[in-house]
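The values are calculated or read from the model by the stated rules, or taken from the named source; none is laboratory data. Quick caveat: nothing in here was measured; it's all calculated off a predicted structure. Glycine gets a Cβ as well: all are built from the backbone with ideal geometry, and neighbour counts include every protein chain shown.
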Amino acid sequence: GAGVSQSPSNKVTEKGKDVELRCDPISGHTALYWYRQSLGQGLEFLIYFQGNSAPDKSGLPSDRFSAERTGGSVSTLTIQRTQQEDSAVYLCASSPHGQPQHFGDGTRLSIL
Amino acid sequence: TQLLEQSPQFLSIQEGENLTVYCNSSSVFSSLQWYRQEPGEGPVLLVTVVTGGEVKKLKRLTFQFGDARKDSSLHITAAQPGDTGLYLCAGRSGNTGKLIFGQGTTLQVKP
């Protein structure tokens, strides 16, 4: 489809392992966002990419979290040495600059 | 740090009743958006309000942005079971793209 695509949809891993979450934004959208959502709660901003500008990383909770966006399109969120408190749904959104965000269905991450 | 306080956090009502969800902040937002989210899916945008005092209607849903652009409300008239879901308000600060989300309101409408 033409929406934001995230993979995997579910990920279960052991504490201490590294994980990579992928986001394919809508074609042509210059802005890409990552959020984290705990069960039934609001979204917590993590990081924001806009075109070729330096990303806004102000929401990343620790240095174990990083993200990159290659070629202005696909983005990968990496969590190193995962902890149980990292368990959440990780949502990606994209938008044209200054326009409303379109969300993917998220990756549900469970740390055992 | 900008915060959005959303209330109530949980609401369970009977079909046909009216309800209002509130979103309050001490900060000014350039715009405020309301989303609805169903289990296993991402949030879907319902409306964006930009001007202080603005009122927008979407069928049985009425959205209002406070005059000072610090608060907003969502009113649902004659709620239906299909309205069940998580409602989220989100404020956009200045020209930045990132959104500050409220904690969400879980609405359950019983038939």
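Just a few scattered comments:
- Any hit, the stretch A:10-31, residues being in contact with a helix residue (DSSP H, G or I) (Cβ under 9 Å, 6 or more places away or on another chain), under 13 Å from residue B:97 (Cα atoms), assigned to a strand (DSSP E or B) and not basic (Lys, Arg): no
- Of all residue pairs spaced 6 or more apart or on separate chains, those with beta-carbon atoms under 9 Å, a first member in the stretch B:38-53 that is crowded, with 16+ Cβ neighbours inside 10 Å and a second member that is modelled with pLDDT of 95 or more and not in a strand (DSSP E or B) are B:42/A:4; B:42/A:104; B:42/A:105; B:42/A:106.
- Residue in the stretch B:15-32 that is at pLDDT 95 or above and of a type in the set (Gly, Ala, Ser) present: yes
- When the stretch B:70-98 is filtered for residues that are among the hydroxyl-bearing types (Ser, Thr, Tyr) and in contact with a strand residue (DSSP E or B) (Cβ under 6 Å, 6 or more places away or on another chain), the ones remaining, listed by number, are B:72, B:73, B:84, B:87.
- Strands (runs of 3 or more DSSP E) completely within the stretch B:23-111 that count 2 or more residues being facing chain A (nearest Cβ under 10 Å), among the acidic types (Asp, Glu) and closer than 23 Å to residue A:58 by Cα: none
- Unmet criterion (only one of (1) farther than 18 Å from residue B:35 by Cβ; (2) exposed (fewer than 13 other Cβ atoms within 10 Å of the Cβ); (3) of a type outside the set (Val, Ile, Thr)) for residue A:39: (1)
- Criterion violated by residue A:60 - all others in (1) surrounded by fewer than 17 Cβ atoms within 10 Å (Cβ to Cβ); (2) not in a strand (DSSP E or B) satisfied: (1)
- Residues located in the stretch A:70-109, provided they are assigned to a loop (DSSP other than H, G, I, E, B), within 14 Å of chain B (Cβ to nearest Cβ) and at pLDDT below 95: A:96, A:97, A:98, A:99, A:100, A:101
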